[in-house]
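The values are calculated or read from the model by the stated rules, or taken from the named source; none is laboratory data. Quick caveat: nothing in here was measured; it's all calculated off a predicted structure. As a convention, Cβ positions derive from the backbone with ideal geometry for all residues, glycine included, and neighbour counts pool all protein chains shown. Protein only, heavy atoms only, side chains kept; ligands, DNA and RNA dropped before computing areas. Shrake-Rupley method; radii C 1.70, N 1.55, O 1.52, S 1.80 Å.
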Amino acid sequence: MKTVEKVINTRKRAGEQSPGKIYSDKLKVRARREWRGFKDTFYDYTRWCYLMFGVLGKFILNPRNVKGFLRYRWMMSYLFVPHGMDKFTVGLRDEALRIAHTSFNFVIADVTQAIANCFRGDRRVGNDKAYSDKCVITDENSMVTFMMGFDKEKVHTILREVPTMFASNIFHQFNVMHYLDVAQLNGISGDVCPMPEAEAGISIEDDFCVLGCCAVQNNTTCDGSLMGNGIIAKRLERQYGIPTFQLATPLRHKEPDVLDYAADQIKQAIEFVEKHTGEHWDWDRYFAAAKRVNYATKCRIAQLEINSTPYPQFFGAAFSLYNDTNYMGNSGRDPQFVKIDKKLLDLATQGYKAKRMYAKEYRHRAIVWGVQPQYVIDMLYWMVQCWGVMPLADMLSIINTDMIAEEDTPENREQAYRDMAMLNMEMIMRNHTHGGYKVLLDDLWELCEKMNADIVMMWEHMSCKALTGMHGMFEEQARERGIHIMWVSHDLCDPRVFTRNAIRDQVSNYMRTVMREEPLDPSLEHIPDDEAY
């Protein structure tokens, strides 16, 4: 079997202690906050204050947002954001702590603004008709490349499903259970992916904000997504009079003959938005956004190159969710992301040069493949600290590495449609679940070789047919290459199927029985958080 050299942390970290000791099996999850030494504890506290008062406090001071909070069931999830942030910083010090806060605080601020925008235009809450008439609703798994040429101050992109389902489930694991039950009570099969099923349940229960002059949906990842989009589109069009464009994106995106068709779909989506908003596409704005997309791509490549060394810095939920927000929800439209991209890369470079480590020992280097569970998305940090398994990169973050045209020329204007189509076809959640054999298997083994990984942690989302259907091929090819493959089952959004501890136990059982190892920190092996938010 392939082996890697163990990396030992010989430096004593400030406030060094076992992170497992801060947990409690009593009425609350934690007995106390973590002591990280004065410098890092003070920094962590100031970031906590910023989150509480600078982001959440500012949000709730608006009476319109209070009204929305009382109207929508899913808003309860955002009461637990501070605790959710704490989950992603357990055991972190120095640059690692600052990377987590910088990325997550920015993502939380972005989601908070998205909720405020939804409430502003919502016919039930803010009812700002002038604002709503310039809003374009997009579905959660859709790239917003077709909006890159519009003035974001005049034409607003509303990712309405992000705050209602995606982000809320990260902070409150039980959030979507009610909506899953609603969907199944209305005849939707229980073996459908719970993400689109929950979104369909929210629409059936009429718990979405109602706003926008039009909507653009995408045939994102699977038949379950198409099912959910159909239900949502019917409600938008038939009940609320919001016309919906279906952006049909080719599934075999590696085939060169599909690009022209995909580019034509982008053109149609742009024309659709122009028609319903009354605003026009501007090439200067597009190419300015394209430069920012390229800069984000360069930074992501540099981060992955650092992770290929013995001292990885930016990985796990922070890397995945920040890239998701930047790549999918922003697509170069907001200049603020450039500043954050640079700051994160500077912190990672600084941590690499100082040889900072997230745990006292790295025993294995892992590539994380498959679709990760929402309600225990912080688990990769646990895996490092409990078992010394360093997750170098995850499937959802291995996205486009090609530069797109960024200079305004007649040739590049035509190329721009192809670039937007390429980005849309290879977006998160579909770039490796669609496209054929190479993107799902061959790309994985190439990544293992490039990043010197000896373990593949395979998320086995039990409702995802694309991945589970190739179980045997993964096993066979991993064996041929001498790579360990660790299957970890879950049901994405529904903790009733696999609890958090049931998921972690699968890793612990594999490490004990197959790798014949004991945990670095036994106090972390079982965390009493199955009933926690």
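Only Cα sites of segment 351-404 enter the Debye sum here, all with the same form factor; the resulting log10 I(q)/I(0) across q = 0.24 1/Å is -1.01, listed in q order. With semi-axes defined as the square roots of five times the eigenvalues of the C-alpha gyration tensor, the equivalent ellipsoid of segment 279-346 measures 26, 11, 9 Å, largest first.
To two decimal places, what compactness ratio does segment 384-439 give when its Cα radius of gyration is scaled by 2.2 N^0.38 Å?
Normalised Cα radius of gyration, segment 384-439: 1.61.
Give me log10 I(q)/I(0) at q = 0.22 Å⁻¹ for segment 165-211, Debye formula, one equal scatterer per alpha-carbon, no solvent. Values returned for q = 0.22 Å⁻¹ are -0.70. If a spin label sat at a point 7 angstrom from the Cα of residue 124 along the line to its beta carbon, the backbone N atoms of segment 45-81 nearer than 16 Å would be those of 64-77. The three principal axes of the C-alpha atoms in segment 196-255 carry coordinate ranges of 39, 24, 15 Å, sorted with the longest axis first. When the charge dipole of the chain is built from unit charges on Cβ atoms (+1 for Lys and Arg, -1 for Asp and Glu) and taken about the Cα centre, the candidate among 141, 230, 375 whose Cα reaches farthest toward its positive end is 375.
Once you wrap a convex hull around the alpha carbon atoms of segment 92-231, what is its projected area averaged over all directions, in nm²? Mind showing how you got there, number by number?
Details: hull surface 39.8 nm².
Averaged projected area of segment 92-231's Cα convex hull equals 10.0 nm².
For segment 378-479, the per residue solvent-accessible surface stands at 34 Å², with DNA, RNA and ligands left out and a 1.4 Å probe.
Quick one: pull the percentage of alpha-carbon pairs in the chain with a separation above 38 Å.
Values: 34309 of 141778 pairs.
Across the chain, Cα pairs with separations above 38 Å total 24 percent.
With bins 10 Å wide beginning at 0, the percent of Cα pairs of segment 217-339 falling in each bin runs 10, 27, 37, 21, 5, 1. Could you please state how large a percent of the accessible area of the chain is carbon and sulfur, counting protein chains only and using a 1.4 Å probe? It is 54 percent, rounded to a whole number.
Any idea what diffusion coefficient segment 397-533 gets from Stokes-Einstein, in µm²/s, Kirkwood Rh on alpha carbon pairs, 25 °C, 0.890 mPa s? Rounded, D is 136 µm²/s.
Determine the order of 181, 86 by accessible area, beginning with the largest, at a probe radius of 1.4 Å.
Working: 181 60, 86 15 Å².
Descending accessible area places them as 181, 86.
At R0 = 35 Å, how high is the FRET efficiency between residue 473 and residue 413 if r is their beta carbon distance? Nearest 0.05 is fine. Computed FRET efficiency for residue 473 and residue 413: 0.25. When the Cα convex hull of segment 23-119 is projected onto planes of every orientation, the mean area is 6.8 nm². Counting every C-alpha pair in segment 304-393, the share spaced more than 18 angstrom apart comes to 48%. Per-peptide packing, taken as the mean over residues of other Cβ atoms within 10 Å, places 409-418, 156-165, 497-506 in the sequence 156-165, 497-506, 409-418 from highest down.
Ignoring everything except DSSP H segments at least 4 long, calculate the 222 nm mean residue ellipticity for the chain; use -39,500 (n - 2.57) per segment, divide by total residues, nearest 500. All intermediate terms of the calculation are to be shown ahead of the outcome.
Values: 19 runs with 229 residues, N = 533.
Result for the chain: -13500 deg cm²/dmol, rounded to the nearest 500.
Sorted into 5 angstrom bins from 0, the C-alpha pair distances of segment 483-528 split as 5, 20, 27, 23, 15, 9, 1 percent. Protection proxy ranking of 346-357, 123-134, by the mean of other Cβ atoms within 10 Å over each peptide's residues and highest first, is 346-357, 123-134. P(r) for segment 261-415, from all Cα pairs and a bin width of 5 Å, is 2, 8, 15, 18, 17, 13, 10, 8, 5, 4, 2, 0 %, short bins first.
The Cα trace of segment 265-306 gives Rg and Dmax of 15.0, 45 Å, the first to one decimal, the second as a whole number.
When DSSP assigns beta bridges and you keep just the ones with both residues in the chain, what percent turn out antiparallel, to the nearest 5? Please list the in-between numbers first.
Working: 3 of 30 bridges.
Roughly 10 percent of the beta bridges in the chain run antiparallel, per DSSP.
Compactness of segment 94-146 is given as radius of gyration and Dmax, 15.2, 47 Å, from Cα positions.
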